[in-house]
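The values are calculated or read from the model by the stated rules, or taken from the named source; none is laboratory data. Bear in mind the structure is a predicted one, so any value in this text is a computation, not a measurement. Please note: Cβ atoms are built from the backbone with ideal geometry, for glycine as well, and neighbour counts cover all protein chains shown. Please note that ligands, DNA and RNA were not included when accessible areas were found on the heavy atoms of the full protein model with its side chains. Shrake-Rupley method; radii C 1.70, N 1.55, O 1.52, S 1.80 Å.
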Amino acid sequence: MRIACLGEVMIELRPAEKGTQLTRGIAGDTFNTAVMLSREGVYVRYITQLGSDPFSQEIIDFAQSEGIDSTGVFRHPSAMPGLYLIQNDASGEREFFYWRDSSAARELFSDRKQRDAVLAAVRHCDWLYLSGITVAVMAQHSEDVFLEFLRAVKAAGVSIVFDPNYRPRLWQSIAKAKFWHEMLLSFSELVLPTLEDEQALWGAASAEAVIEKCRAAGARTVVVKCPDALAIACDEVEYSECRTAYQGPVVDTTGAGDAFNAGFLAAKFNGKPLRECLHHAHEVASRVIAIRGALP
């Protein structure tokens, strides 16, 4: 299986192990999943827009060192990648502070000529993976072009995986967020929502209600990430629940959901049943929560 991951990759600043110093890294929700998928042996092409600056080149070099096909990375002549800083509490839960309003990724769908170039990069793959953050960053200022892109992806026979990953601060309004999330659900074959996000956006009463909503919109497989490291998955023939077996320290939860998604997809692409996919997803996520930053 070949998968294209579409989204924004940023410079990450995170606390060092000791003292008040910061460590610089590279991360972004769909990029984190892309890296972990590549480490699982899946062919990954990452699609984004970066600048012409040294930090952008550093991101490309890192992606290539992880075995990711970077031929879908476009370069903006003046804009740069976004930046974010992580702050963790004693339990490992994180708070993010962003500088991304003028990032190069926001301009990826600025015109139809570039949209066609992105589409050509996606057609090389069997799946397209994107998130609610992808849509918030790339679609809100290029709505018609982005919608045309989604329709063309489906017409090309590429299946879509969607992680709703709702982040209120990225949206102009909750109405806009609901519109685009419903639109993506109607295009997606596989959906990977988080229960807390669905409660915040839709007031979802339960994981079962989330599954019902996604299946009604057309998704064949739905995997809900729930509190207390529980995951519930449902497809056309199977229902499964699985809690993580990890009992080690939780240092930083940044990127845990992204890693979970990668583990699930890697197992699914290898033809594993749902319960084994969930087990593997938890195992991959456990590698991330034991370290600082989004990528071990």
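Numbers below:
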item: Scan of the range 135-168 for residues that are farther than 13 Å from Leu192 by Cβ, surrounded by 20 or more Cβ atoms within 10 Å (Cβ to Cβ) and polar (S, T, N, Q), ordered by number; result: Ser142
item: Residue in the range 177-233 that is farthest from Val137 (Cα to Cα), counting only those that are among the hydroxyl-bearing types (Ser, Thr, Tyr) and touching a residue at least 24 places away in the same chain (Cβ under 8 Å); result: Thr221
item: Restricting the range 17-41 to residues that are open to solvent by 20 Å² or more (accessible area, probe 1.4 Å) and out of contact with any Asp or Glu (no Cβ under 9 Å at 6 or more places or on another chain), the residue that is nearest to Asn165 (Cα to Cα); result: Glu40
item: Some residue of the range 120-137 being modelled with pLDDT under 95 and not acidic (Asp, Glu); result: yes
item: Within the range 98-120, tally of residues that are open to solvent by less than 90 Å² (accessible area, probe 1.4 Å) and part of a loop (DSSP other than H, G, I, E, B); result: 6
item: Qualifying position, being charged (D, E, K, R), within 16 Å of the chain's Cα centre (by Cα) and more than 22 Å from Ile174 (Cα to Cα), among Asp258, Asp235, Asp252; result: Asp258
item: Conditions (1) out of contact with any strand residue (DSSP E or B) (no Cβ under 8 Å at 6 or more places or on another chain); (2) more than 30 Å from Asp228 (Cα to Cα); (3) outside any loop (DSSP other than H, G, I, E, B); number of the one not met by Gln140; result: (3)
